[in-house]
Amino acid sequence: MWVAIARIILRYRIAILIGLSILTAAMFFQARKVHLSYEYASLLPKSDSAFIEYTQFKKIFGEDANILIIGLQDTHLFELEKFNKFLNICKDVDSLPGVDGLISLGQAVKIEGSSVVRYFDTLPQTQHQLDSISRELIQQKLYQGFLFNDTSHVYLIALTINKKVLDSPARESLIQNIEDTFNSFAHQNYDKVFYTGLPYIRTKISLKLRSELTMFILFAALVCALILFVFFRSFKIVAFSMLVVGVGVIWVMGWMGIFGYDITILNALLPPLIIVIAVPNCVFFLNKYHQEYAIHGNKIKALQRVVRKIGNAIFLSNLTTAAGFATFVITDSELLQQFGTIAFIGIICVFIFSLTLIPIIFSFVSPPNQRNLKHLENKFLQKVIASISHLVAHKRNYIYGGAITIFIVAIIGISQIISTGYMVDDLPHDDPILTDLQFVEKHFNGVLPIEIVIESNEKINLIRDKGFLYKMEALHDTLLNYTEVSKPLSIVEFIKFAWQAHNGGNPEYYTLHNSGDIFFQNKMKRIVRGQNSAHLQYPLIDSTGKKIRLKCNVKDIGTKKMQELETNLKADLDSIFPKSEYKTQITGSSIVFFKGTKYLVSSLFSSVALAIVLITFFMAWLFRSKRMVMISLLPNILPQLFTAALMGYLGIPIKPSTILVFSIAFGISVDDTIHFLAKYRQELTHTNWNIGKSVMIALRETGSSMIYTSVVLFFGFGIFTFSQFGGTVALGALVSVTLLMAMFSNVILLPALLLTLEKAITNRHFKEPLLHIYNEEEDIDIEELKIISKYTNEI
């Protein structure tokens, strides 16, 4: 088959170039359709109970993840001129298109008689008037811990962002306008403004993501081009290799456009990832081309032999790499499915481009000169390979001792791995997104929404059902004991607020009423019926009167503590609300996030296991020998254990970004094993099944390419350590380390195992594998390899 493929590629090279150019232009057009994703992609599958409950909650009570929080710390906010500026700025921001509502002290309300009115319908005219209002306002316990912290003089402004705007590019300009407005106020008054909330966090992270996408593509191309030049000392090779890589990137983005995928935090890794994976293909093809040309000096024959001899091995190695990514498709996570699908298709496409474009391009250009072939005689590399050969041949006990030591140390390290995930833990500790979030958490105990819904079997009479109200108050008091949870808000708070107002605003009366006063009960009815008239933007009762919402926020405490919190809250709810009378539910963005992260971790473990199983079956099908399968897997599993141990010792937690390491690295590291065993199998036939000699020849001939590609992969994945996201940094660093360890394992441990086991592994099935390697001297007719110009009739 590969003889025919080589013949077709070289004979129809112009037609292939034209066809590929047309298709690439079409893919470029599709790539232009790809945009940054603005919608929040849930990590949970749509069939998950937590996702279903959250969706039902939003249908009844509306969005909970569209509140942008602004914190302002100022000990002199209630100075007349400054406060009036504050009121005007809040009014201006509230009128911005895309802002559905704003809550601050400027919008605070009070109860006068049977009416709900604002404290500041008009601007206060004198300092005395403002002082009088502010004293009364500060006495309102409803707002304490909700709109202000009287101890630290921190004041909150909560903006409700329109959902359609939030899921569109318009949110960037809106949030920038909000920042500019409040920053201007803060600058004039020497105050500090803090911004947080899910809309702000997601917008700022998406902007960082967009800037990193361009940076990584440029970095990946630059690093790989530099390494290629160091290896081959040829600008021509660098230029044509990067052309192949560039075509691969265009196709990857084109496929995203065809599938309708947008750029997410995962998909943004695909273009630089494809660059890093494509370059090793170029290295293998070009290194083999130079080796062949150095033997006989025939360019076309060398190109044909490259395709025929290593095309199959490179295809299989790319297939295993693609399989590592394809396992993400089994998860129910939309993010991972998109990532796995495009990565799989992209890697296969890159192989096709490497297979076709490199022979075609180099059939047109002049053959390599002596300077270009100098890397084949790299004295330093030859010394390294000679040292490895000596170690493999004579010091195998040291190799096995080292491998066993790594294994033992790895097991100890793995036992220390922790599993957790935070909403913003991927950001540097000094990033304003994180520091602003922590500031608001410090003064108000949380920003991330958590929602509790209590559903009664019958319609709840909030006027007369004091038993239910006392249960709600008990839940409030329980929640106040959790230091990681903010002050809760429910209809009970407004009833207490009304009772305080009914008693002259005395804070001592911020309790549930115990009066049969008909006038007060009528006032309560108006509050309950007109819950939205208080300008708090949060519906707290459903239309049936059976479901009551309790809203609060939680700190970004990590998935492990969130699970503990949810368990404890469920126990509290069960003890307060009998299951026979009430149905309780804990939901909200924070719950969905922590359960989604937990689900994703579980799914990724499954994908890692599936990747290992798939590749194991693949190797079994390829070599048809159980012992050979074990030998091929050991050098690739050991680096995975080493990396897992590093995570344990360095305190790097298990989370989605770090689990990705194992699937990606395992699929790539197996490539070296396939290349080495393919050459080993080839040499067995030439050495009359002399295992020792075959191992050494295979090591000498594939060792340089394995080292070259591993260096490319190490530095290629290393570029991700320049990311602003900790998860991406961990991904880049851990994959780099894993692949470096895999290189040492494949060039040292694998040959050592082959020599030690010798004939025990080279059975009849391995002598006749499905990976067919052609004899060095089996060539197609050289006459058929001549390519004649139609203009000059010259070869």
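Of note:
- Checking every one of the trypsin sites (Lys or Arg not before Pro) in the stretch 1-60 against DSSP loop status and a limit of 15 other Cβ atoms within 10 Å picks out R32, K33, K46.
- Nearest-ten-degree value, helix 589-623 long axis tilted from longest Cα axis of the chain: 10 degrees
- Computed from the C-beta positions of A474 and M1 and an R0 of 56 Å, the FRET efficiency is 0.15 to the nearest 0.05.
- Dipole orientation for the chain: of the candidates L270, I9, L123, I9 has the Cα lying most toward the positive pole (charges on Cβ; Lys, Arg +1; Asp, Glu -1).
- Look at the alpha carbon pairs under 8 Å that are at least 6 residues apart: their mean separation over the length of the chain gives a relative contact order of 19 percent.
- Rounded to 5, percent antiparallel among DSSP beta bridges of the chain: 95 percent
- Taking H128, H290 and ordering them by how much accessible surface each has at a 1.4 Å probe, largest first, produces H128, H290.
- Low-density loop cleavage sites - trypsin sites (Lys or Arg not before Pro) in the stretch 358-387, where at most 14 other Cβ are within 10 Å (DSSP): R371
- The candidate values are (i) 66, 28, 22; (ii) 78, 36, 30; (iii) 119, 36, 20; the one derived from this structure for semi-axes √(5λ) of the Cα gyration tensor in Å carries the label (i).
- For the pair K91 and E79, label points projected 7 Å from Cα toward Cβ lie 2.1 nm apart.
- Simple spin-label estimate for D121 and V613 gives 7.0 nm between the two label positions (7 Å along the Cα-to-Cβ direction from each Cα).
- Surface exposure of the chain, expressed per residue as accessible area with a 1.4 Å probe, stands at 42 Å².
- Ranking D436, D94 from most to least accessible surface, computed with a 1.4 Å probe over the protein chains only, gives D94, D436.
- Put simply, the amide H of L36, placed in the peptide plane, has neighbours under 5 Å in I263, leaving out anything fewer than 5 places away on its chain.
- Taking the centroid of alpha carbons for each part, the stretch 157-174 and the stretch 324-339 are 30 Å apart.
- Part-to-part distance (alpha-carbon centres) for the stretch 1-55 and the stretch 694-709, which is given in Å: 33 Å
- Spin-label model, R135 to N378: label points 7 Å out along the Cα-to-beta-carbon direction sit 8.2 nm apart.
- DSSP-loop chymotrypsin sites (Phe, Trp or Tyr not before Pro) across the stretch 9-67, with at most 14 other Cβ within 10 angstrom: Y12
- Sum of -39500 (n - 2.57) over DSSP H runs of 4+, divided by residues of the chain (222 nm, nearest 500): -21500 deg cm²/dmol
- Measuring between their Cα centroids, the stretch 485-507 and the stretch 651-675 lie 55 Å from each other.
- Carbon and sulfur %, accessible surface of the chain computed with the full protein complex present, 1.4 Å: 58 percent
- Nearest-20 debye value, the chain charge dipole, Cβ charges on Lys, Arg, Asp, Glu: 2400 debye
The values are calculated or read from the model by the stated rules, or taken from the named source; none is laboratory data. Predicted model, so just to flag it, every value in this text is computed and none were measured. Backbone-built Cβ (ideal geometry, glycine too); neighbour counts: all protein chains shown. What goes into the accessible areas is simple: the full protein's heavy atoms, side chains included, and nothing from ligands, DNA or RNA. Shrake-Rupley method; radii C 1.70, N 1.55, O 1.52, S 1.80 Å.
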